[in-house]
Amino acid sequence: MPMRVGLFIPCYVDQCYPHVARAAVRVLERLGVRCEYDPRQTCCGQPAYNSGYWAEAARLAEHFVRVFDKYDCVVAPGGSCVAMVRHHYRELLGRDEPVTARVYELCQFLTDHLKVDDLGASLSGRAALHVPCHMLRELDGDGPARRLLDNVSGLELVDLPSDTWCCGFGGTFSVKFPELSAAMARRKLKQMEEHRLDYVVSPDESCLMQLGGLARREGFGVRPLHIAEVLAGMVN
Amino acid sequence: MWSFEQDSRERVADTGLADKLHKATVETSLKKTNALIAKMPHWQQLRERARQVKLHTLTHLDRYLRQFVQAAEANGATVAWADTGADACRQVVDIAQSSNVKRVAKAKSMTGEEIEVNRALQRAGIEPVETDLGEMICQLAGEPPSHVTAPIIQWSMEEVARLFKSRGIIDEIPNGIDGRADPAVRALNAARLTDAARRALREKFLTADMGISGANFAVAESGTLVLVENEANIRLSTMLPPVHVAVVGIDKLIPKLADLATFLSLLPVAATGQQQSGYVSLIHRPYAKLHIILLDNGRMRLLADAQHHDLLSCIRCGACMNVCPVYRHVSGHGYHSIYPGPIGAVLTPHLRAEEHYKQLPFASSLCGACAEICPVMIPLDERLLQWRDRIVKAGGRPRSEAAAFAAWAYLMQHPRLYRAVRPPAGLAHAAAGMLGPGGRWKATRELPPLAAETFADWWKKNHA
Amino acid sequence: MLDRKIEDIARIVGSMTPAAYPDPAAFPAVNGDLADVFEAALNALCGPDDDQPAVVRVTDTTEAIKTLVELCADVPPTEIIWQDTSPGESRDAEPVLPRDHAIGITGAVALIAATGSVVLELPSALAGRASLLVDRHIVIASRDQLLPDLAALYHGLSQRVETGDCPPIQVCITGCSRTADIEKMLVVPAHGPRQVQVILSDEPIDWAVLHRGAASLH
Ligand code: SF4
């Protein structure tokens, strides 16, 4: 029986950044991975969980398990949501659900599961890699994303001290403390601009929503790109 | 009620503050800390052991306290108990008055700050003299320390010079102290200011009738107090005056002197990026009259908290502050607690009853940098999250927020409804821009447009 | 009061899952000649304007005396203080306030190679002056006092608890007195010595001979 791979598209990607999800599909299909997408999927529950609404988050965790349990593998273009499912569902559900260990962040799936480092993509310019905090500290760190980007021809990855700093999004933190949250993003963007970077590439669109939202408001010239867009060659 | 949000807005508006904090942490302490950790293959193993020693001690605290008290008394110390900060202060003042003390040399101590012992001494007509350079500056300026190991972290040299001039510690403000001046000249001026402080304090040290300290560790097997420092002011404060009072939180206990090998290999590295601190003093059989006051002040209640008692393993290194992006924008003063940063955000609501401290667990983006660095492996981000859960369960958040999350969760559990209610993109966007969280988002950033076609719709068209 | 509180704590602890006391940590072996390791570590801790070497290696007591006299050249004996190691010394024995000296001379009970630390055991508070209220602290020690690391020091100390011979006060001194409170700029000294110098002898020091030989410094 062939392996069933389910796509998990985070709710805000579905609603606001569908091109990121389409890019992820393109990358996977090009590698011969046939994905399924169950439209009953919604949100992993992280916003509620991080805000202290654990009862609500637990209900969404149950929903997630119901939707995704049928797959052998679940792939998501969003590191933060994957970390949520892998590392926090246990506490919410009060039990181990085997499916949570079968959920992969896109880069991790490519490098560790499919053993692919080089997608043959190209993009010219200088970029910083911003790995979301939960992916950096709870998943596989920045290794998989770095390996993939190192093989993008024409792309120069520049290491900055600010690479590991939080972008300031933090879910509802970003609306509870808008000025503080923006200041955290600004400090990162400033450093990128000082190093004359063209792009900030991330395996998580929520960080890019934050960095990009401030860049647009304040006129920073650094362009946010999801790693799936880069790997799929869908940067225009 | 003080509001973290409003307060942080003002602090963020002062970009110089964050610049100074980043310089002091990211560009200085953390650089050194990380360089040392990279050369320590046993770093993780030491952290794990430190965590275990602390947990073992906490879960056998009665035994170790008994052992400590017995040993310390056998060594000639007088050991007493204080339920609260006020209680501890009263005892300190009593000891001072019964020994006819006029002047107290104070070694830097977070416990001393916690109980506000200086205020109590002053009220009793006794002069407390802070002897750590940073703490001395805080005392002169009448402000609390802003960091557990770097009290004046956000002070510029220029500000220190101005303060010293106004207090007659220096006659003239030297040239070349502002940020643009030649680094070599600035280094010289830093030395000049330090020297002036040293002179001003020397006589006070020598004439103090009592020294007050905390302790970094209290060793049960031998009744030993362990004090860690770089300046030598703690040695001066605790060894010269005839009376020494140590106010020691019951969380400072460790079982054995041998455990110091573990803790002293972690503490200086995490705190200041030094392989070893300048002075580690072990006070075992004192020659001064030594009074040890064991302080509860909320710690017993925390010990009984099955989920959070590991917060008592904190060794006050301050590393979680250095790595915290929130701390680095608002400073310690932004937390309105003597314990700031991630540990302060989780510890303060346990130690202090005031409702407004319940804001602190929300003042974090949960990036987890704190838990990653903490030398005793306290999962600070997890503790922050658990506090949020507790506060929500206790009804501590606005009703509107609770209602919004309930409605949102309902929607997200009903995929059909969720897919159906998606309003036309433009309209939803406009609404989000005006109301609720979107409005607060838009206060500082652009909101992404809702896509004309969701991924789900695209998939249905192209793959179904 | 204390007993009652400890009883209360016992009740709290009774409902906790006890955590085990862990095995000792494994510290990486300190490779190389301990004297060399020590010298390198202490040199790395030198203050920004140290005018003299941190470690001077000598073969025996005679050479140590010679070096000590050289290091103290131009300093009058009244500005030199020796650590009195007699156990009877107490604060009452000193009628006048302690004052600062240019140089303090002490022995050591151990040297820690990995960290460049000097360990003193002080029989009394005032015995600490020679390593505290001075501009320059000169330590005279020998190879046989070298320990590899802090683990050796503190494990050894734990063993002494059992035999009841813990020193009243032990200070582990690593480098000079320093502060970085102002803008994290390293400043030397803070309240203690500006410099720590170690005369490290291959042979154990004969203190009676040393005191006689360095009589001019008393
Ligand atoms: S919580 Fe950990 S990192 Fe923070 S001060 Fe305490 S010991 Fe240091």
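The values are calculated or read from the model by the stated rules, or taken from the named source; none is laboratory data. Because the structure is a prediction, the values reported are computed rather than measured. We place every Cβ from the backbone using ideal geometry, glycine too, and count neighbours over all the protein chains shown. Ligands, DNA and RNA are excluded from the accessible area calculation, which covers all protein heavy atoms including side chains. Shrake-Rupley method; radii C 1.70, N 1.55, O 1.52, S 1.80 Å.
Here B:Thr111 meets each of (1) over 17 Å from B:Leu201 (Cβ atoms); (2) in contact with a strand residue (DSSP E or B) (Cβ under 9 Å, 6 or more places away or on another chain); (3) surrounded by fewer than 21 Cβ atoms within 10 Å (Cβ to Cβ) with one exception, condition (3). Among the residues making up region B:1-42, none is crowded, with 17+ Cβ neighbours inside 10 Å, out of contact with any Leu (no Cβ under 8 Å at 6 or more places or on another chain) and among the aromatic types (Phe, Trp, Tyr).
Here is a list: B:Ala288, B:Ala306. Which entry is in the same structural domain as B:Val247 (by TED's automatic domain parsing), away from the ligand (no atom under 14 Å from the Cβ), farther than 25 Å from A:Asp163 by Cα and surrounded by fewer than 24 Cβ atoms within 10 Å (Cβ to Cβ)? On inspection, the qualifying residue turns out to be B:Ala288.
Whenever a residue of region C:138-159 is touching a residue at least 24 places away in the same chain (Cβ under 8 Å), its partners that are of a type in the set (Phe, Trp, Tyr) and part of a helix (DSSP H, G or I), lying with C-beta atoms within less than 8 angstrom and at least six residues away or across chains, give the pairs C:Leu146/C:Phe38.
The residues on offer are B:Ala161, B:Ala150, and the sole one that is in contact (Cβ under 8 Å) with a residue 24 or more places away in the chain, assigned to a loop (DSSP other than H, G, I, E, B), buried (at least 23 other Cβ atoms within 10 Å of the Cβ) and in contact with a helix residue (DSSP H, G or I) (Cβ under 9 Å, 6 or more places away or on another chain) is B:Ala150.
Between a residue in region B:304-322 that is within 12 Å of chain C (Cβ to nearest Cβ) and within 15 Å of B:Val346 (Cβ to Cβ) and any residue that is within 6 Å of the ligand (Cβ to nearest atom) and part of a loop (DSSP other than H, G, I, E, B), which pairs come within a Cβ distance under 8 Å, given they are 6 or more apart or on different chains? That search, which allows pairs on different chains as well, returns B:Asp310/B:Ile378; B:Ser313/B:Val376; B:Ser313/B:Ile378. Of all residues in region C:110-137, which are more than 9 Å from chain B (Cβ to nearest Cβ) and either open to solvent by 10 Å² or more (accessible area, probe 1.4 Å) or free of Cβ contacts under 8 Å to residues at least 40 places away in the same chain (or both)? Those that are more than 9 Å from chain B (Cβ to nearest Cβ) and either open to solvent by 10 Å² or more (accessible area, probe 1.4 Å) or free of Cβ contacts under 8 Å to residues at least 40 places away in the same chain (or both): C:Glu121, C:Asp135, C:Arg136. Selection of region B:265-285 for residues being in a helix (DSSP H, G or I) and more than 13 Å from the ligand (Cβ to nearest atom) yields only B:Ser265. Given (1) under 28 Å from B:Glu382 (Cβ atoms); (2) at pLDDT below 95, where does A:Arg34 come up short, assuming only one miss? Going through (1) under 28 Å from B:Glu382 (Cβ atoms); (2) at pLDDT below 95 one by one, A:Arg34 breaks only (1). Taking (1) surrounded by fewer than 24 Cβ atoms within 10 Å (Cβ to Cβ); (2) assigned to a helix (DSSP H, G or I); (3) within 12 Å of the ligand (Cβ to nearest atom) in turn, B:Cys370 satisfies each apart from (1). Against the condition in contact (Cβ under 8 Å) with a residue 24 or more places away in the chain and open to solvent by less than 40 Å² (accessible area, probe 1.4 Å), how does C:Asp181 come out, does it pass? Considered against the rule, which asks whether it is in contact (Cβ under 8 Å) with a residue 24 or more places away in the chain and open to solvent by less than 40 Å² (accessible area, probe 1.4 Å), C:Asp181 comes out as no.
Here the condition is being of a type in the set (A, V, I, L, M), in a helix (DSSP H, G or I) and closer than 30 Å to C:Arg136 by Cβ; of B:Leu236, B:Leu227, it holds for B:Leu236 alone.
Evaluating B:Arg316 against the criteria (1) open to solvent by 20 Å² or more (accessible area, probe 1.4 Å); (2) within 15 Å of the ligand (Cβ to nearest atom); (3) over 30 Å from C:Leu186 (Cα atoms) leaves one unmet condition, (3).
Taken together, the criteria place B:Ile177 among residues that are without any contact (Cβ under 8 Å) to a residue 40 or more places away in the chain, in the same structural domain as B:Lys252 (by TED's automatic domain parsing), open to solvent by less than 20 Å² (accessible area, probe 1.4 Å) and in a loop (DSSP other than H, G, I, E, B).
Take the conditions outside the structural domain of B:Leu225 (by TED's automatic domain parsing), assigned to a helix (DSSP H, G or I) and aliphatic (A, V, I, L, M) and apply them to B:Leu65. Does it pass? In short, no.
Restricting attention to region A:23-49, the residues that are open to solvent by less than 10 Å² (accessible area, probe 1.4 Å), over 18 Å from A:Ala228 (Cβ atoms) and assigned to a helix (DSSP H, G or I) add up to 2.
Mind checking whether some residue in region B:151-161 is within 16 Å of the ligand (Cβ to nearest atom) and modelled with pLDDT of 95 or more? Yes, region B:151-161 contains a residue that is within 16 Å of the ligand (Cβ to nearest atom) and modelled with pLDDT of 95 or more.
For region B:246-255, state whether one or more residues are basic (Lys, Arg), within 16 Å of the ligand (Cβ to nearest atom) and away from every other protein chain (no Cβ under 11 Å). Among the residues of region B:246-255, at least one is basic (Lys, Arg), within 16 Å of the ligand (Cβ to nearest atom) and away from every other protein chain (no Cβ under 11 Å), which makes the answer yes.
Considering the conditions (1) under 20 Å from the mean Cα position of the chain (by Cα); (2) touching a residue at least 12 places away in the same chain (Cβ under 8 Å), A:Trp54 is excluded by exactly one of them, (1). Of the set (1) within 7 Å of another protein chain (Cβ to nearest Cβ); (2) among the β-branched types (Val, Ile, Thr); (3) more than 14 Å from the ligand (Cβ to nearest atom), all apply to B:Thr262 but (3).
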